[in-house]
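> Structure incoming, see below.
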Amino acid sequence: MAVSILHRATGAALSIAGLAVLTWWLVAIARGPAAYATFTQAATHPLGLVVLVGLTWSFFQHLLSGIRHLVMDTGAGFELNTNKRFAILTVVGSVLLTALLW
């Protein structure tokens, strides 16, 4: 149940914060080198890195949880132990993938 809630929360985070960062990046590119330098400076700031790492984790968590839901939609993975194992794997996998990417 917690992974399903995480799936919804990460989807909301990606659609709000992710689109805000993407929009800021695209506008900075369109406005020229000075605006892009400001964006780059903000993105490399420690708080900016926390946001980017958080969005990366949200992406991987949402992706793996979506795959888990897709498998469950086929009728597989409803056994309690299997479901629990898949739920744990989505969290561990998202953390590992984020660490590997960064």
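The values are calculated or read from the model by the stated rules, or taken from the named source; none is laboratory data. Because the structure is predicted, anything quoted here is derived from the model rather than measured. Note: ideal-geometry Cβ built from the backbone for every residue, glycine included; neighbour counts use all protein chains shown. Just the protein is used for accessible areas: all its heavy atoms, side chains included, with ligands, DNA and RNA removed. Shrake-Rupley method; radii C 1.70, N 1.55, O 1.52, S 1.80 Å.
> Within the chain, what whole-number % of the accessible surface is contributed by carbon and sulfur, with the 1.4 Å probe and all protein chains included in the calculation?
That share works out to 76 percent.
> Now for a separate question. Tell me which residues come under 5 Å, amide H to amide H, from residue 77 once H is placed; ignore anything under 5 positions away on its chain.
Correct list: empty.
> Just the accessible area for residue 29, please: 1.4 Å probe, Å², rounded to the nearest 10?
Around 90 Å² of this residue is reachable by solvent.
> Using DSSP to call loops (not H, G, I, E or B), can you name the trypsin sites (Lys or Arg not before Pro) in the stretch 50-90 whose Cβ has at most 16 other Cβ atoms within 10 angstrom?
none
> Heads up, I need the accessible area for residue 62: 1.4 angstrom probe, whole protein in place, Å², nearest 10.
60 Å²
> Sticking with this structure for a sec: Could you pull the accessible area for residue 86 with a 1.4 Å probe, rounded to 10 Å²?
So the heavy atoms of residue 86 present about 80 Å² to solvent.
> Now for a separate question. What number comes out for accessible area per residue over the stretch 1-86 if the probe is 1.4 Å? Units Å², please.
Ligands and nucleic acids excluded, the result is 67 Å² per residue.
> Next up: Just checking my list [x] 1.32; [y] 0.99; [z] 1.21 against Cα Rg over 2.2 N^0.38 Å computed from this structure; which label fits?
[x]
> May I pose another question? Add -39500 (n - 2.57) for each DSSP H run of 4 or more in the chain, then divide by its residues: what number comes out at 222 nm, to the nearest 500 deg cm²/dmol?
That comes out to -28500 deg cm²/dmol.
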